[in-house]
Amino acid sequence: MRLAGKVALVTGAASGFGEGIARAYVREGARVVIADLNAAGAERVAGELGPNAAAIAGDVSKGEDCRAMVARAVETFGGLDIVVNNAGTTHRNKPLTEVTEAEFDRIYAVNVKSIYWMTLAALPVLRAQARGGSIINISSTAGIRPRPGLTWYNGTKGAVNVITLSMAQELARDNIRVNAICPVIGVTGLLTEFMGAEDTPENRARFLATIPLGRMSTPADIANAAVWLAEDATSFVTGILLPVDGGRTA
């Protein structure tokens, strides 16, 4: 198994990409902390995955919650090797002047500040072990080739991308790898928000027309990339922004 013996923490793992990543990690031999604001959802996923998974509820935009998530990994599974910063949110697709200050603050807190808090919480653990670790930030093609109507969301993902590149440079001396996965629009609970319209065949067709391979991303697509970036076979891979996008950014 590709992740045997490793301990992972995946945020936003009660659904969507995060759930897909958590399931793939357990399947590949890792022990995984399922962290999510949705406590019932986290417990459901952990329960279905069995003894190699543990749930914790928390808000990634709060430092104390991120510290509790890291502590859960250490106390339950004895350490931490992989951190997947997957939790994210968006404002609805609409003109940039119509996004409220509260919406703006929330997306920056969840999408960007969360990485700050999780890094501060996880680094002491990752640095204390000679084997280092792998941090994977779930970004978006929005940070590479933005769509109109999502300006402030796009900005958060641009920040995630630059943060990823800078972290990779600064943490390499600690044998901590930092990479980002950049999915194209996917079949998740945020789909209607990204489209700014109901999920109809006609509305999907508008987005599919911009993706050369002709479909949206799935949790399995993102999970496959996340396994690859976490395994020992990619121990010399750091500082990459990996589009999983069907050719959208090509």
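Only the coordinates and a few stated rules stand behind these numbers; no lab work does. Keep in mind that what you see is a predicted model, and the values were worked out from it rather than measured.
Across the Cα atoms of the stretch 71-110, what radius of gyration and what greatest pairwise Cα-Cα distance (Dmax) are found, in Å?
Radius of gyration, then largest Cα-Cα span, for the stretch 71-110: 16.5, 48 Å.
Remind me, what semi-axes does the stretch 173-219 give for its equivalent ellipsoid, largest first in whole Å, using sqrt of 5 times each Cα gyration tensor eigenvalue?
Equivalent-ellipsoid dimensions as semi-axes: 30, 13, 8 Å.
Rg to Rh for the stretch 126-175: what is it, with Cα atoms only and Rh by Kirkwood?
Using Cα coordinates only, the ratio equals 1.15.
On alpha-carbon atoms, Rg over Rh for the chain using Kirkwood Rh?
0.95
Over the stretch 6-48, what number does the Rg to Rh ratio reach, with both radii from the alpha-carbon atoms and Rh per Kirkwood?
0.92
State the Kirkwood hydrodynamic radius of the stretch 13-102 in Å, one decimal place, computed from all pairs of distinct Cα atoms.
Evaluated on the stretch 13-102, it is 14.0 Å.
I want to check a number: in the chain, how many lysine pairs have alpha carbons closer than 25 Å, given a sequence separation of 8 or more or different chains?
Numbers: 62/113; 62/157; 94/113; 94/157; 113/157.
Qualifying lysine pairs in the chain: 5.
Viscosity 1.306 mPa s, temperature 10 °C: Stokes-Einstein D of the stretch 107-250 from its Kirkwood Cα radius, in µm² per second?
99
Can you tell me the Rg and the Dmax, both Å, for the Cα atoms in the stretch 85-133?
Values for the stretch 85-133 (Cα only, Rg and Dmax): 15.6, 49 Å.
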